[in-house]
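Just so it is clear, none of the values below were taken in a lab; they were calculated from the coordinates. In this text, all values refer to a predicted model and were calculated from it rather than measured experimentally. Reconstructed Cβ throughout: ideal geometry from the backbone, glycine too, with neighbour counts over all protein chains shown.
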Amino acid sequence: MEVVFEPEFRRLEDALKRLRQDANAKAVFLIDKNGQHIAAAGETEEFDSTSLASLTAGNVAATDGLAKLIGEREFSVLFHEGQRDHIHISIVARRAILLVIFDERSSLGLVRLRVKRASVELKKVFDEMDRKAIPEEGVTEPSPFSEITDEDIDALFSE
Amino acid sequence: MTFINYAAKEINCKIVYYGPGLGGKTTNLQYIYNKTAPDRKGKMISLATEADRTLFFDFLPLDLGSIRGFTTRFHLYTVPGQVFYDASRKLILKGVDGVIFVADSQRERMEANVESIRNLESNLRDHGFDLKTVPSALQFNKRDLPNAMPVDEMYRMLNYKREPTFEAVAVQGVGVFDTLKAVAKQILVELRKR
Ligand SMILES: Nc1nc2c(ncn2[C@@H]2O[C@H](COP(=O)(O)OP(=O)(O)OP(=O)(O)O)[C@@H](O)[C@H]2O)c(=O)[nH]1
Ligand SMILES: [Mg+2]
């Protein structure tokens, strides 16, 4: 189970905002390797973030599979060039995917450079999330889900 | 892998439809898509061959409403059932929270069903999951066909751990939502345990 709490979520968002600005990108998305959307910044309304997340994760998974077949650990960067918009995909902290969408206002070189810097910051946040995932001795935070009732679950489907 | 975002107040879970080629996995998703209100679903993505066979996966994001203030989202995926797509099938299982096995009730497909369950078990194991403990349900699809095998006989061959089992005619929607609910419930109950 992957859990994101408010402070780390804000830090992820801030890092993405900065990256979007520094790289002059249209939009940036942070996606979990399993295809779940985590956070985004920029002109995000223009894109279907759920579909984007699922297809990007599929793309990365397939490319990872290819890498293993030829004996590479992974291809760390993918680049798709379109007529107008281009996509830069990279792996962050081995478990998340950073997707940058940009056009002629930016360049591959700039995006690559800024992604590198942002990745360092993002990795720090993921490390923090990992630390928080290990419960401290004696501190047991009650999960809001421990109280879910059968009625709650049934209600989901009756609507 | 269940993904809980406390900032956005969202729970995201992944359910994978598994089973032999032409068993009706994609048909299950299409029915769910057609019967779900627009504000409760995202786009359905199908990466398919020219002949409408699943090539990589189908994907359908569903929003089931909220539970304890958290929006509950299920991401439904199908795998490509054809035997030679095994590498792709394995990729789709990554981070799975629940599995729906769609079996083809036609007698001549029993061997394919059995082989596909074994394949599921082994691919799950490669991801560190055990089919014995992963939330799952079994669907006997194509009950409308004259050559459908009797249910109890099928159950003896395919039941893995007394998982919830449903008869279905996916083209008509029979049994489709019941199967989905059974697995969604198990996933949410797991969440409660943690
Ligand atoms: N008679 C009958 N046909 C069905 C039923 N469910 C699905 N079909 C048909 O079976 C064929 C295959 O269905 P799909 O949903 O594409 O099968 P699939 O499991 O996704 O197949 P792959 O993508 O190759 O793995 C289609 O022509 C469906 O219309 C059913 O309940 N009864
Ligand atoms: Mg299919």
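Looking at B:I4, B:I32 in this structure, which one is assigned to a strand (DSSP E or B) and buried (at least 17 other Cβ atoms within 10 Å of the Cβ)?
B:I4
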Enumeration of residues in region B:51-64 that are more than 9 Å from ligand 1 (Cβ to nearest atom), of a type outside the set (A, V, I, L, M) and in contact (Cβ under 8 Å) with a residue 24 or more places away in the chain: B:F56, B:F57, B:D63
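Could you run through region B:151-194 and say how many residues are surrounded by fewer than 16 Cβ atoms within 10 Å (Cβ to Cβ) and within 14 Å of chain A (Cβ to nearest Cβ)?
5
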With the requirement that a residue be charged (D, E, K, R) and surrounded by fewer than 19 Cβ atoms within 10 Å (Cβ to Cβ), what does region A:28-74 give you? A:E43, A:E45, A:E46, A:D48, A:D64, A:K68, A:E72, A:R73, A:E74
Please note which strands (runs of 3 or more DSSP E) are completely contained in region A:1-55 and include at least 3 residues that are among the hydrophobic types (A, V, I, L, M, F, W, C). A:27-32, A:37-42
Here is a list: B:L60, B:L22, B:L76, B:L47. Which entry is more than 21 Å from B:L145 (Cβ to Cβ) and either within 11 Å of ligand 2 (Cβ to nearest atom) or assigned to a helix (DSSP H, G or I) (or both)? B:L47
So which of B:L120, B:L124 is among the hydrophobic types (A, V, I, L, M, F, W, C), more than 14 Å from chain A (Cβ to nearest Cβ), in a helix (DSSP H, G or I) and without any contact (Cβ under 8 Å) to a residue 40 or more places away in the chain? B:L124
What residue, of B:D97, B:D86, is away from ligand 2 (no atom under 12 Å from the Cβ), more than 8 Å from chain A (Cβ to nearest Cβ) and crowded, with 24+ Cβ neighbours inside 10 Å? B:D97
